Amino acid sequence: MRTDRRDGFRLDRGFQVFNTSYPQVKRRLDLRRLRLRPFTPGLVAHSDTGPVRLADPTRRPDWAGSLVPGRVLPARDLAALAALTARDVLLPAGVLKRRPDRSTSAALARAGVSAPTVDRILRPFLAGVFLEDRLETSARFFHLVWRSMVRGTLCLPADGIGAVPAQLAEGLPDGVLRRETAVREINPSGVLLADGGEVPAAAVVVATDAATAARLLPGLPVPDGRTAAVVVATDAATAARLLPGLPVPDGRTVTTYHHTASRAPLAEPTLVVDGSGAVLNTCVLTEVAPTYAPPGAVLVSTSVLGADRPGAGDTVLRRLCELYGTDTRDWQQVGVHTVEGALPVMRPPWPLSRTTRFGPGRYVCGDHRATGSVQGALASGTRAAREVLTDLARG
């Protein structure tokens, strides 16, 4: 979760959305200090039959007309979605976690939602959430995410998504955090740095992507007499490199394009999803948080599945012309960023939580050890802290 600053713009790495209802978010962060700016509690979905507006009628009663049976969705599908939502919101989270796991596609069919509604509305929206358009992601995870969206608010910090980890870092003692410090390997004494330095530690937590963790943590024995713990934080690919032998799930890759325009193509903070699959979603970020751009400037953020390719930027602009119904030829690209392994592949049955213990004095945490979400990353980190403290206390 990182925000780059360029020419007065705040450019998040990937299309980021912050959910206020996650239990770990409420427990670990001061939400008021983040100066959160909300998205519309709904979306605009584009399909071959044109754009469709859907929103939570309890929070956007002016959009409630789209939920009149037969206007956008058949009455049967509205009833099925209402029943699914009620179950996910009202049942305890523990009940949802204990349900038999299946794919999200199978769960929606079992709930009675028709294939046309899934293909027109739900698949394009959830493709941006899961970074996959086959809806093969764990249904248990889907139900928990659906619950969190209905119960919470989707928003962005005024200073960019990087304000979230920055606030966590502020709580650390002085001199603890070392930035831009590459780790070469983990040895029996602790951590060996790329510059030849060493950080001795009895406990090492690898908080990286899965691939990097697997390279860093070979499960070496730890000598007696050390009491300090060190956390190595990088991306998931590094975790697999540092932890040989660690099971590494496949990852989902996403590319986000940032454009500036002379005027806002949509004067509201609403997510637009694309049923054609040409792009995942797009949003005028300056309608959500004007602080993302210099005064008077407009910032549009658009994400697509996979890595950036030659000519892909032009294809994205042509599709944005159709989605927003405006001329995009004068739009300027101010940034593009590909995030490899942005989310772990979570096919069923997917364990919602796993121990962080990898070997004596060696631990690994991250969303790939829980769920691909801010909640999953924070929960896994919390579990690592708890297990490290327990093990150190036991000697």
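The values are calculated or read from the model by the stated rules, or taken from the named source; none is laboratory data. All of these numbers come straight from a predicted model, not from anything done at the bench. Cβ atoms come from the backbone with ideal geometry, glycine included; neighbour counts cover every protein chain shown. Protein only, heavy atoms only, side chains kept; ligands, DNA and RNA dropped before computing areas. Shrake-Rupley method; radii C 1.70, N 1.55, O 1.52, S 1.80 Å.
Could you run through the range 240-267 and say how many residues are over 19 Å from the mean Cα position of the chain (by Cα), open to solvent by 30 Å² or more (accessible area, probe 1.4 Å) and either over 26 Å from Asp159 (Cα atoms) or at pLDDT below 95 (or both)?
5
Given (1) modelled with pLDDT under 90; (2) among the small types (Gly, Ala, Ser); (3) surrounded by 13 or more Cβ atoms within 10 Å (Cβ to Cβ), identify the lone condition not met by Gly65.
In the conditions (1) modelled with pLDDT under 90; (2) among the small types (Gly, Ala, Ser); (3) surrounded by 13 or more Cβ atoms within 10 Å (Cβ to Cβ), Gly65 misses (3) alone.
Being surrounded by fewer than 16 Cβ atoms within 10 Å (Cβ to Cβ) and touching a helix residue (DSSP H, G or I) at 6+ places or on another chain (Cβ under 8 Å) narrows it down to one residue among Thr382, Thr355, Thr390, Thr371; which is it? Write out each step before concluding.
Working: Thr382 fails: surrounded by fewer than 16 Cβ atoms within 10 Å (Cβ to Cβ); Thr390 fails: touching a helix residue (DSSP H, G or I) at 6+ places or on another chain (Cβ under 8 Å); Thr371 fails: surrounded by fewer than 16 Cβ atoms within 10 Å (Cβ to Cβ).
Result: Thr355 is the single residue among Thr382, Thr355, Thr390, Thr371 that is surrounded by fewer than 16 Cβ atoms within 10 Å (Cβ to Cβ) and touching a helix residue (DSSP H, G or I) at 6+ places or on another chain (Cβ under 8 Å).
Residues are listed down the side, and each one gets a yes or a no for (1) touching a Pro at 6+ places or on another chain (Cβ under 7 Å); (2) over 26 Å from Glu136 (Cα atoms); (3) of a type in the set (D, E, K, R):
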| position | (1), (2), (3) |
| --- | --- |
| Asp250 | no, no, yes |
| Glu268 | no, yes, yes |
| Leu271 | no, no, no |
| Thr282 | no, no, no |
| Pro295 | no, yes, no |
| Cys321 | no, yes, no |
| Asp327 | no, yes, yes |
| Trp331 | no, yes, no |
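Need the failing condition index for Arg120 against (1) in contact with a helix residue (DSSP H, G or I) (Cβ under 9 Å, 6 or more places away or on another chain); (2) at pLDDT below 95; (3) among the basic types (Lys, Arg), just the number.
(1)
Give Thr371, Thr382 a once-over and let me know the one that is touching a residue at least 60 places away in the same chain (Cβ under 8 Å), assigned to a helix (DSSP H, G or I) and more than 22 Å from Gly190 (Cβ to Cβ).
Numbers: Thr371 fails: assigned to a helix (DSSP H, G or I).
Result: Thr382 is the single residue among Thr371, Thr382 that is touching a residue at least 60 places away in the same chain (Cβ under 8 Å), assigned to a helix (DSSP H, G or I) and more than 22 Å from Gly190 (Cβ to Cβ).
Somewhere in the range 153-168, is a residue within 19 Å of Leu378 (Cβ to Cβ) and of a type in the set (S, T, N, Q)?
yes
Scan Thr260, Thr282, Thr253 and give me the residue that is free of Cβ contacts under 8 Å to residues at least 60 places away in the same chain and assigned to a strand (DSSP E or B).
Working: Thr260 fails: free of Cβ contacts under 8 Å to residues at least 60 places away in the same chain; Thr253 fails: free of Cβ contacts under 8 Å to residues at least 60 places away in the same chain.
Criteria check complete, one pass: Thr282.
Only residues that are over 12 Å from Tyr257 (Cβ atoms) and either among the acidic types (Asp, Glu) or touching a Leu at 6+ places or on another chain (Cβ under 9 Å) (or both): list them for the range 305-321, please.
Listed by number, the list holds a single entry, Leu305.
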